[in-house]
1. If G117 meets every condition in (1) surrounded by fewer than 13 Cβ atoms within 10 Å (Cβ to Cβ); (2) more than 21 Å from V71 (Cα to Cα) apart from one, which number is that one?
2. In the stretch 34-45, which residues are surrounded by 13 or more Cβ atoms within 10 Å (Cβ to Cβ) and farther than 13 Å from T84 by Cβ?
3. Looking for whichever is over 15 Å from the mean Cα position of the chain (by Cα) and of a type outside the set (K, R) here; the options are G58, G105. Which one fits?
4. Could you grab the pairs with beta carbons closer than 7 Å, sequence gap of 6+ or different chains, first residue in the stretch 105-118 and under 18 Å from A27 (Cα atoms) and free of Cβ contacts under 8 Å to residues at least 40 places away in the same chain, second one in a loop (DSSP other than H, G, I, E, B) and of a type in the set (S, T, N, Q)?
5. What strands (runs of 3 or more DSSP E) completely inside the stretch 136-181 contain at least 1 residues that are among the small types (G, A, S)?
6. Which of the residues belonging to the stretch 95-115 are closer than 15 Å to D157 by Cα and touching a strand residue (DSSP E or B) at 6+ places or on another chain (Cβ under 9 Å)?
7. Are there strands (runs of 3 or more DSSP E) fully within the stretch 1-100 with at least 1 residues that are modelled with pLDDT of 95 or more and touching a Lys or Arg at 6+ places or on another chain (Cβ under 7 Å)? List them.
8. Of all the residues that make up the stretch 133-167, how many are of a type outside the set (G, A, S), farther than 24 Å from Y86 by Cα and loosely packed, with under 11 Cβ neighbours inside 10 Å?
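The values are calculated or read from the model by the stated rules, or taken from the named source; none is laboratory data. No experiment lies behind these values; they were computed from the predicted model shown. Cβ: placed from backbone, ideal geometry, glycine included. Neighbour counts: every protein chain shown.
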Amino acid sequence: MRTRTWVSTSLPYLTPQDGEGRSDAWAAEAAARGGVGSQRIVHAGEVPAPEAVAALLGVADGAPVVVRRRVIELDGHPCELTDTYYPADIARGTGLAETRKIRGGAVALLAALGHTGVRVREDVTARMPDADEREALRMGRDEPVINLARVTYDSRDRPVQADMMTMPAHRQRLRYETTIG
């Protein structure tokens with residue numbers, strides 16, 4: 001496994017990809033850097049919205065939402081845990097609620113459903129991982145994680161996707177670039 005710090009930017013994960021023959025954004029980013037990026041979808045379906053997710057999506061605490069829970073891997077080693085949530089009225093009955101991969105990625109499917117992201121807000125925090133996260137990410141007891149909470153809004157300013165990501169802090173650097181004017 002690579003021990004170097006991974007520098008991550010958000011833009012490739014927010015832009016719909018062409019579904020024909022394209023790998024997902026993570027696999028493409030990892031390949032461009034000489035690695036193999038993959039993901040395992042460990043759960044997909046309706047769940048009650050946790051309080052933090054409800055606030056991001058603008059739904060009532062406990063309201064039904066669709067989640068896709070994934071373990072993101074680099075060269076076969078876990079490097080991120082990502083839970084992506086969608087309002088149930090958007091995702092129910094679509095590929096977002098299934099454990100199979102989505103051709104072109106979930107962002108492309110959202111766009112096809114009429115919900116192209118036009119604005120994103122991200123909040124980054126750090127904390128110590130719980131036992132399940134330490135085990136899933138193969139971390140030591142004294143290693144902190146970075147949490148990135150991202151909400152994507154469509155052209156009607158409706159929250160259409162909320163991502164809750166947990167990453168080993170010592171293996172990540174987040175980079176933000178902004179164009180002004």
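1. G117 satisfies all of (1) surrounded by fewer than 13 Cβ atoms within 10 Å (Cβ to Cβ); (2) more than 21 Å from V71 (Cα to Cα) except (1).
2. Step one: of the stretch 34-45, the residues surrounded by 13 or more Cβ atoms within 10 Å (Cβ to Cβ) are 35, 37-39, 41-42, 44-45.
Answer for the stretch 34-45, where residues must be surrounded by 13 or more Cβ atoms within 10 Å (Cβ to Cβ) and farther than 13 Å from T84 by Cβ: G35, G37, S38.
3. Values: G105 fails: over 15 Å from the mean Cα position of the chain (by Cα).
So the residue among G58, G105 that is over 15 Å from the mean Cα position of the chain (by Cα) and of a type outside the set (K, R) is G58.
4. L109/T94
5. On the way: elements: 145-153, 159-168, 172-174.
By residue number, 145-153, 159-168.
6. Restricting attention to the stretch 95-115, the residues satisfying the condition of being closer than 15 Å to D157 by Cα are 110-111, 114-115.
Once the filter is applied, which keeps residues that are closer than 15 Å to D157 by Cα and touching a strand residue (DSSP E or B) at 6+ places or on another chain (Cβ under 9 Å), the stretch 95-115 yields L110, H115.
7. Details: elements: 6-8, 37-48, 64-74, 77-87.
Passing ranges, in order: 37-48, 64-74, 77-87.
8. 2
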